[in-house]
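*Asks:* Shown below is the structure under consideration.
The values are calculated or read from the model by the stated rules, or taken from the named source; none is laboratory data. Since this is a predicted model, take the numbers as computed values, not measurements. With ideal geometry, Cβ positions are generated from the backbone for all residues, glycine too; neighbour counts draw on all protein chains shown. Note: accessible area is taken over every heavy atom of the protein model, side chains too, but ligands, DNA and RNA are not part of it. Shrake-Rupley method; radii C 1.70, N 1.55, O 1.52, S 1.80 Å.
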Amino acid sequence: MERISKENYYLDIAQTVLERATCLRRVYGAIIVKNDEIISTGYNGAPRGRRNCVDMGYCTREAMAVPRGERYELCRSVHAEANAIISAARRDMVGATLYLVGRNAQTGELLSDATSCSMCRRTVINAGIARVVIRRTPTEYEVVDVQDWVKEDDLPQLAR
């Protein structure tokens with residue numbers, strides 16, 4: 001019997017975590033791992049005490065026809081990466097790896113272009129996380145060196 005890679009093992013766990021997500025557009029699951037231990041998990045959903053989009057039956061951004069990647073301040077959800085970071089101590093995250101999986105909430109299909117938004121990238125950088133592993137297909141993934149996000153953020157806005 002062939003064992004799956006550690007990356008796919010942790011991505012499978014992140015994919016299970018996303019089953020708790022409450023977004024009507026895209027559901028994400030994230031886990032933070034350091035020294036082969038899961039530090040925390042997170043999925044996208046409304047802050048504690050607020051109603052989730054699935055409970056309300058609509059998505060504000062969708063109702064306003066906001067394109068993907070824009071106007072995140074209108075979103076009710078705290079993103080999966082942010083929720084995982086909120087649930088962990090910084091000392092445990094420095095040098096850790098964040099595993100991220102996204103699915104289309106309507107079709108259930110994996111998001112082959114899943115990535116962290118600019119706000120979550122800043123949060124990941126500030127948490128001291130070293131790598132982000134993003135699922136592309138059931139067995140393929142991309143490894144992002146967070147230092148690349150740091151360098152990207154330093155580029156002049158007009159050069160992008």
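*Asks:* Consider residue 115 against the criteria (1) part of a strand (DSSP E or B); (2) within 21 Å of residue 25 (Cβ to Cβ); (3) open to solvent by 50 Å² or more (accessible area, probe 1.4 Å): it satisfies all of them except one. Which criterion is unmet?
*Replies:* Failed condition: (1).
*Asks:* Only helices (runs of 4 or more DSSP H) wholly contained in the stretch 1-107 count here; list those with 2 or more residues that are open to solvent by 70 Å² or more (accessible area, probe 1.4 Å) and among the hydroxyl-bearing types (Ser, Thr, Tyr).
*Replies:* In the stretch 1-107, 6-17 are the helices (runs of 4 or more DSSP H) which contain 2 or more residues that are open to solvent by 70 Å² or more (accessible area, probe 1.4 Å) and among the hydroxyl-bearing types (Ser, Thr, Tyr).
*Asks:* Go through (1) in a helix (DSSP H, G or I); (2) exposed (fewer than 11 other Cβ atoms within 10 Å of the Cβ); (3) at pLDDT 95 or above and name the single condition residue 124 misses.
*Replies:* (2)
*Asks:* Of all residues in the stretch 13-56, which are farther than 17 Å from residue 79 by Cα and touching a Lys or Arg at 6+ places or on another chain (Cβ under 9 Å)?
*Replies:* Those that are farther than 17 Å from residue 79 by Cα and touching a Lys or Arg at 6+ places or on another chain (Cβ under 9 Å): 33, 36, 56.
Per-residue answers, yes or no, for (1) touching a residue at least 12 places away in the same chain (Cβ under 8 Å); (2) under 15 Å from residue 149 (Cα atoms):
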| position | (1), (2) |
| --- | --- |
| 80 | yes, no |
| 83 | yes, no |
| 92 | yes, no |
| 101 | yes, no |
| 108 | no, no |
| 112 | yes, no |
| 117 | yes, yes |
| 128 | yes, yes |
